[in-house]
Amino acid sequence: MTRAVLRYVTHQITQHPDTDVTFEAECLHCEWTARPSEDGAAVDIECMGHTGRSGHKGFRRLCTSFAMVVRTDSDERTDSLSGEVCPHEDTGGGV
């Protein structure tokens, strides 16, 4: 008879330490797009400028990051384990 040993290991997902978060936006009314940036506030300001020039108020905002799963009890754990993969930046402009 063969015996099996089951082991449960706790894991956590985090942003990959060698990558940055990229923010993007596109207008819902025309083909305008903001320049991708690591600064979410800069993308939001571009959207507000587009609204001022065109009157278009709707945008699709994208936040892209690369994630990795790590064991919480191993040496693979990084210092960036914040639990938040794609942070939201509030620029005070409101959407």
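The values are calculated or read from the model by the stated rules, or taken from the named source; none is laboratory data. Everything quoted here is computed from the prediction, not taken from an experiment. Keep in mind that these areas ignore ligands, DNA and RNA; they rest on the heavy atoms of the full protein, side chains included. Shrake-Rupley method; radii C 1.70, N 1.55, O 1.52, S 1.80 Å.
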Probe 1.4 Å, all chains present, heavy atoms only: CYS27 accessible area in Å², nearest 10, is 10
Using modelled backbone amide H atoms (1.01 Å from N, in-plane), which distant-in-sequence or interchain residues come within less than 5 Å of ALA25's amide H? ALA34, LEU62
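Expressed as a rounded percentage, what relative contact order does segment 1-47 have, with Cα pairs under 8 Å and six or more residues apart? Provide the component values of the computation, followed by the final result.
Details: 38 pairs, mean separation 13.1, N = 47.
Computed value for segment 1-47: 28 percent relative contact order.
What does the extension gain come out to for PHE66 and THR2, with contour length at 0.36 nm per residue minus their alpha carbon separation?
Values: separation 64, 0.36 × 64 = 23.04 nm, distance 4.05 nm.
Length gained between PHE66 and THR2: 19.0 nm.
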